Amino acid sequence: MEKAKKVWMDGRLVNWKDANVHILTHTLHYGFGVFEGTRCYKCVDGPAIFRLEDHLRRLYNSAHILTLELPFSFERMIEASKEIVRANNYQECYLRHIAYIGDGEMGLGTMTNPTRMAIAVWKWGAYLGADGLKRGIRLKTSSYTRLPVQSFPAKAKAIGNYVNSILAKREALKAGYDEALMLDTAGYVSEASGENVFLVSGNTIITPPESSSILNGITRKSVIELARDLGYRVKEEIFPRDTLYIADEVFLTGTAAEVTPVREVDNRKIGKGIAGPVTLEIQSEFFNIVLGKNPEYKKWLTYVYPKKGGRKK
Ligand SMILES: Cc1ncc(COP(=O)(O)O)c(C=O)c1O
């Protein structure tokens with residue numbers, strides 16, 4: 001990872017090498033904290049963060065679900081997000097917001113430790129590989145079940161939830177696949193370790209509903225809106241994994257993975273075993289949007305530098 005110059009920590013810009021925490025940081029021990037992943041793209045008219053307000057709303061909602069009170073206001077974090085990109089002089093990068101319980105007391109029930117916030121940025125290319133983005137990836141159903149909603153809040157992007165995702169991801173990688181497909185406790189398709197799942201069948205696009213044990217992906221929401229605007233019928237409903245096997249196309253969405261085609265699930269070719277035309281159309285439109293080339297969707301961009309035609313906040 002290329003080291004950025006600065007990291008935003010608790011309201012201050014600090015040098016990359018000084019962005020450290022104490023070993024008794026509470027969240028480091030118990031995973032109780034929340035985070036966000038957001039991308040800043042080099043748009044045709046300057047760098048802009050994609051759906052920053054939606055990401056920050058999810059961060060505050062995640063904290064609310066965990067009963068964590070965040071020490072900085074929503075508006076302050078909007079400004080801080082732009083500030084950290086500017087401070088590093090980046091045109092494009094990934095932003096990682098994190099809110100965590102700092103050091104002080106130990107034990108599960110401590111209520112007195114400070115809640116701390118940070119934003120780190122780094123350059124991040126195609127999460128599932130440039131080739132995967134172009135040609136499609138191979139997915140394997142995990143032996144790990146997605147966290148049951150009665151035990152873990154799937155709507156919170158909570159740090160501890162990711163033990164489940166990482167177990168699945170490591171298992172898939174060790175078995176020679178690119179990504180893990182996770183089923184819910186009833187055996188229906190939930191999501192991938194860090195992405196939402198879509199299938200294409202004719203002119204219809206289907207993805208599991210928000211009410212299932214999935215993270216409310218912001219790319220998912222964007223793709224649903226975009227696909228409808230492109231004339232596709234989009235349904236949010238549960239389906240078993242064999243529905244994926246016989247789909248015309250399958251693709252994943254996520255901030256890191258963007259819109260990644262899936263060419264194979266559990267050793268079964270999907271469609272022709274290549275990235276399908278609907279997926280590639282949506283991917284291409286998605287990239288036009290994030291790069292500021294589609295005026296209809298400028299509402300989703302927060303420009304890092306105030307500029308004519310861009311959003312002021
Ligand atoms: C478990 C999980 N599902 C789905 C997603 C996709 O969400 P988004 O599109 O908001 O990045 C992510 C990534 O944040 C994730 O970690």
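Before moving on, here are some points about what is shown:
- Residue in region 139-148 that is closer than 30 Å to Lys17 by Cα, part of a loop (DSSP other than H, G, I, E, B), among the hydrophobic types (A, V, I, L, M, F, W, C) and within 14 Å of the ligand (Cβ to nearest atom) present: no
- Only strands (runs of 3 or more DSSP E) whose full extent lies in region 10-118 are considered here, and the ones with at least 1 residues that are over 13 Å from Val304 (Cα atoms) and open to solvent by 30 Å² or more (accessible area, probe 1.4 Å) are 12-15, 93-101.
- From the list Arg228, Arg233, the one residue that fits, being open to solvent by 10 Å² or more (accessible area, probe 1.4 Å) and either among the hydrophobic types (A, V, I, L, M, F, W, C) or free of Cβ contacts under 8 Å to residues at least 12 places away in the same chain (or both), is Arg228.
- Summed over region 215-246, residues that are farther than 29 Å from Tyr41 by Cβ and among the hydrophobic types (A, V, I, L, M, F, W, C) total 4.
- Flag for Thr243 being open to solvent by less than 10 Å² (accessible area, probe 1.4 Å), among the hydroxyl-bearing types (Ser, Thr, Tyr) and not in a loop (DSSP other than H, G, I, E, B): no
- Within region 160-175, the residues that satisfy the criterion of being of a type in the set (D, E, K, R), within 16 Å of the ligand (Cβ to nearest atom) and open to solvent by 50 Å² or more (accessible area, probe 1.4 Å) are Arg170, Glu171.
- Within region 214-223, one or more residues are of a type in the set (A, V, I, L, M), over 21 Å from Lys169 (Cα atoms), in contact with a strand residue (DSSP E or B) (Cβ under 6 Å, 6 or more places away or on another chain) and in the same structural domain as Lys140 (by TED's automatic domain parsing).
- The residue pairs whose first member lies in region 184-202 and is outside the structural domain of Gly217 (by TED's automatic domain parsing) and within 18 Å of Lys269 (Cβ to Cβ), whose second member is aliphatic (A, V, I, L, M) and at pLDDT 95 or above, and whose beta carbons are closer than 9 Å, counting only pairs six or more residues apart or on different chains, do not exist in this structure.
- Of everything listed in (1) in contact with a Lys or Arg (Cβ under 8 Å, 6 or more places away or on another chain); (2) within 16 Å of the ligand (Cβ to nearest atom); (3) assigned to a loop (DSSP other than H, G, I, E, B), the single unmet condition for Thr302 is (3).
- Residue ID - nearest to the chain's Cα centre (by Cα), chosen from residues in region 176-205 that are more than 11 Å from the ligand (Cβ to nearest atom), open to solvent by 10 Å² or more (accessible area, probe 1.4 Å) and under 23 Å from Tyr127 (Cα atoms): Asp178
- Among the residues of region 246-258, those identified as part of a loop (DSSP other than H, G, I, E, B), surrounded by 21 or more Cβ atoms within 10 Å (Cβ to Cβ) and under 11 Å from the mean Cα position of the chain (by Cα) are Thr255, Ala257.
The values are calculated or read from the model by the stated rules, or taken from the named source; none is laboratory data. Quantities reported herein were computed from a predicted structural model and do not represent experimental measurements. Glycine also receives a Cβ, built like all others from the backbone with ideal geometry; neighbour counts cover every protein chain displayed. Keep in mind that these areas ignore ligands, DNA and RNA; they rest on the heavy atoms of the full protein, side chains included. Shrake-Rupley method; radii C 1.70, N 1.55, O 1.52, S 1.80 Å.
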